[in-house]
Amino acid sequence: MSKKNKRVKLQSKEEDRISYLPDSLVQHILSFLPSTKDAIHTTLLSKRWHNQWTRVPSSSSIPLVCLSKNSLDSSIIHYFSVTAPRSRNSTCKQQYRLPEFLFKHASLVKLHTYDCNFVSMPNGSISWGNLKALNIEHCHLPSKAIENILRGSPSLESLELVSNTSISDEYVIVSNSLKKLVLKDFWSVRLQISWTNLEEFNLFGIVFTWNHPNLMNCPSLICANVDFECDEVFMGVDIEIISHFQRVKELKFGSQFIKILSALNLEGHLSPLLLNNKFLTLDRPNFEEHSGGIECALRIYHVLEKLVITLPFYKSQRTTNLPDLNGSGENYWNSNREVFDCLASHLKIIEINGLCESDDKCKYVLNFIEFLLKSVRVLEKLVVILKDGGKDFVIQVSKKLLDFPRCSQHATVKLLCSN
């Protein structure tokens, strides 16, 4: 080859340096693109780029037409999502049927499926050895699917099952790796859960009470978050699910479940029940309507040491008048309430978070705080956190707290402001 031709070839290489970058560097560059769709568009540059996008470790929103058995490198891909055209109210036949080769991608670390059909999943031959987190949402899930998934996912730590259909059988599920479980909107499922390392359990949405989960063997359970609706006719049987959380260190009830406690309290279902939890959080309770549920919690958790209440947030509606903190007429906490065991000898720390100036019902919360200060004998600290309040509101609440009588001479009251 002449010197002139060599010089032309070298000059050509210098002008197109990007084509001579190593594959690993090209894939690293592609990983910074906003979406996998953008990475796929780079295939137009040259044949050199045709398969580079399939080796990007994290892929999102892969068009369905691009997903085939050989389109993804199973030794590299850790996380990806697939988007498919769907109607607004898709039926089982319209849902995307997951291909069998997907269940052989042993390098997957996180997988989120939505509006898919698990009918075609292989029976007992799933290879998700590195999968840590799995979310199955609005999917068609045959009766044996979860059992096969857990059997083929020995490293799974987080499982979320949301609004899935065709779960009609009773499941006895065992996993030695799972640490977090989320169940939401279960219509026809009975789960018997025996997960020895489970640390966090979440039950949300709509659950028919005769099908609630049975926690058989969860000695490591640290945190439980419960907030679901149910048919009022079957509220009485929810006593059983409360008893499942006896050993939980951090227990949290949402507003819907507090409503259930109110109904159970009125019907007398919970009168003989005593539970040993020491840390309870009540999330977004309605003090005007469901104070009976709060009272119920104080009675049945007789050794409660810490109570946290997170109030619902109301958008600020600034007016020239401050909310009426005095109230009028009969109030639930102003009457002679029973001094329960936890108030007499256990409750030490109370936190009320989110008292809001734009909430015209905050007087009910202050009446509850007044009741606590008059009743809790071993109280050490009460913290009230204001949210979205002006200077005048802070002064008004401060005066109220200073005027309330205290049963515990050692109690300190702190008023904090949060934006």
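Just a few scattered comments:
- Put simply, the amide H of Glu351, placed in the peptide plane, has neighbours under 5 Å in Leu307, Val308, Ile309, Val383, leaving out anything fewer than 5 places away on its chain.
- ³J(HN,Hα) computed for each position of segment 133-148 - Karplus, 6.51 cos²θ - 1.76 cosθ + 1.60, integer Hz, glycine/proline x: 9, 9, 10, 10, 10, 6, 10, 8, 10, x, 4, 9, 4, 5, 4, 5
- Most to least accessible of Tyr301, Tyr364 (protein chains only, probe 1.4 Å): Tyr364, Tyr301
- Entries of Lys184/Lys249; Lys252/Lys400; Lys278/Lys414; Lys144/Lys180; Lys278/Lys391 with Cα pairs more than 24 Å apart: Lys252/Lys400; Lys278/Lys391
- Net +/- balance of residues flanking Leu379 in space, Cβ distance below 14 Å, scoring K and R +1, D and E -1: +3
- Figure note: Glu100, Glu305 ranked by solvent-accessible area, largest first, 1.4 Å probe, ligands and nucleic acids not counted: Glu100, Glu305.
- Summing +1 for each Lys or Arg and -1 for each Asp or Glu among the other residues whose beta-carbon sits under 15 angstrom from that of Ser153 gives +4.
The values are calculated or read from the model by the stated rules, or taken from the named source; none is laboratory data. In this text, all values refer to a predicted model and were calculated from it rather than measured experimentally. Cβ atoms come from the backbone with ideal geometry, glycine included; neighbour counts cover every protein chain shown. Areas reflect the complete protein model, heavy atoms only, side chains present, ligands, DNA and RNA absent. Shrake-Rupley method; radii C 1.70, N 1.55, O 1.52, S 1.80 Å.
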